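The values are calculated or read from the model by the stated rules, or taken from the named source; none is laboratory data. A quick note: this is a predicted structure, and the numbers were derived from the prediction, not measured. Methodologically, a virtual Cβ is constructed for each residue, glycine included, from the backbone with ideal geometry; neighbour enumeration extends over all protein chains shown. Only protein heavy atoms, including side chains, enter the accessible area calculation; ligands, DNA and RNA are left aside. Shrake-Rupley method; radii C 1.70, N 1.55, O 1.52, S 1.80 Å.
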Amino acid sequence: MKKCILIMNPESGKVKDKHRLKNVYDILRKYDYDGEIRYTKRKGDASEIVKSLDSSIDLVISCGGDGTLNEVVSGNLEREKKLTLANLPLGTTNDVGNMYGLNGTMLSNLELLLKGKPKKIDVIKINDVPFVYVACLGDYIDMTYNTPRELKKKYGRIAYILYGMKQLRNKIHQYELKYTIDGEEYEGTYSFIFITNSSRIAGMDDIYYDIKLNDNKFEVALAKVDNKKDMLKLLVMTQTRDIKDIPGVNYYQTDNLEIEFIDPPKSSWCIDGEEYKTSKVHFKFEVDRSTTMLMPRENISKLFDNE
């Protein structure tokens, strides 16, 4: 039988019914996998587990939220021999899982994965730190990682709204920066920076209409708003217009980007839903193509070129 390791975050929003785990083993055996669950205990555990795995492992499944998936991918990138990965979404928002088409129960999603197809995916790096789907900076971004876990367990996605309402202020911070894309230099003042490889961010679908996970490119959106009224207006327009056509948003698609802040940012970057603390003012973004992900077949033609 093939060997499968499931790296499970027991604190994820949907890890509730431990009795279902017997069914997980049954499904794995149905697809000729001998499965073993490894539980994380603290931040960073998923990366360490992946790095320590034997090269004979056929499949590693990240069982948790987008942050757990980020750790699994990050640990795999540090390996000399990369392993094939999969994402079983059990978190609160599950942006990546939803984009992949994993919208059902834990068990139905597991079957979709095991019937899937391995595909090379783009992983973006910010100063050599990997992220699977988003790196962003700006006011209120912190609610993705500062919303209390107790709120998330009790209210799910609504917890982010409850926490965000407490943070609302009228004045929005501005960041003066210089940036270089494809050799062209620009400068400006912006409130929000989004570097993404996803059609879904913070639970909002279709931020971009034609995302490909293997085009060796990522999307860049730089937005300037002056107050919370303009910010809310911008959020509404992302659901009704192509982001390329929204006033006040500079959009690019590229495989290389460098950003330099004139002054150190007042807030941390958020990468894949987790805080990225750094005192640096210069950031380089590039694409890594060494990650293989087992993908549900239903969405492959939509998410990948040449399918």
Quiz item: Using θ = phi - 60° and the Karplus curve 6.51 cos²θ - 1.76 cosθ + 1.60, what whole-Hz ³J(HN,Hα) does each residue of region 214-223 get, with Gly and Pro shown as x?
Solution: 9, 9, 6, 9, 9, 9, 10, 10, 10, 10
Quiz item: According to a simple spin-label model (label point 7 Å from Cα along Cα-to-Cβ), what is the distance in nm between Tyr251 and Glu111?
Solution: 3.8 nm
Quiz prompt | Carbon and sulfur %, accessible surface of region 97-136 computed with the full protein complex present, 1.4 Å | solution = 52 percent
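What share of the DSSP beta bridges in the chain is antiparallel, in percent to the nearest 5?
75 percent
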Exercise. Would you mind getting the accessible area per residue of region 218-294, heavy atoms of the protein chains only, 1.4 Å probe, in Å²?
Key: 51 Å²
Quiz item: Check Arg38: other-chain or 5+ apart residues with amide H under 5 Å from its amide H, H built from backbone geometry?
Solution: Leu6, Ile7, Met8
Exercise. Based on a Kirkwood Rh over C-alpha pairs, give the Stokes-Einstein translational diffusion coefficient of the chain at 25 °C and viscosity 0.890 mPa s in µm²/s.
Key: 122 µm²/s
Self-check item: Met204 long-range amide H proximity, modeled H, under 5 Å
Solution: none
Quiz item: Per 10 Å bin, what is the whole-percent P(r) computed from every C-alpha pair distance within region 163-307?
Solution: 9, 36, 38, 14, 2
Practice problem: Give me the number: length gained by fully extending Asn127 to Asp288, i.e. 0.36 nm times residue separation minus the C-alpha to C-alpha distance, one decimal in nm. | Solution: 56.8 nm
Quiz item: Does region 12-109 come out rounded, prolate or oblate, given a ≥ b ≥ c as the square roots of the eigenvalues of its C-alpha gyration tensor, rounded meaning a/c under 1.5 and, failing that, prolate meaning a/b above b/c?
Solution: oblate
Practice problem: Scan around Gly188 for amide H atoms under 5 Å from its own, H built in the peptide plane at 1.01 Å from N, and keep only partners 5 or more places away or cross-chain. | Solution: Leu177
Self-check item: Extension gain, Glu80 back to Ser268 (0.36 nm per residue minus Cα-Cα distance, nm)
Solution: 64.6 nm
Exercise. Determine ³J(HN,Hα), in whole Hz, for all residues of region 115-125 in sequence, where each value follows from phi through the Karplus function 6.51 cos²θ - 1.76 cosθ + 1.60 and θ = phi - 60°; x replaces Gly and Pro.
Key: 8, x, 10, x, 9, 6, 10, 6, 10, 8, 10
Self-check item: Sites Lys178 and Ser301, calculated FRET efficiency, Cβ-Cβ separation with R0 41 Å, nearest 0.05
Solution: 0.55
Quiz prompt | Spin-label pair Asp215/Asp58, simplified geometry with 7 Å Cα→Cβ offset, distance in nm | solution = 3.4 nm
Practice problem: Do me a favour and compute the ellipsoid semi-axes for region 106-145 from its Cα gyration tensor, root of five times each eigenvalue, largest one first, whole Å. | Solution: 29, 17, 6
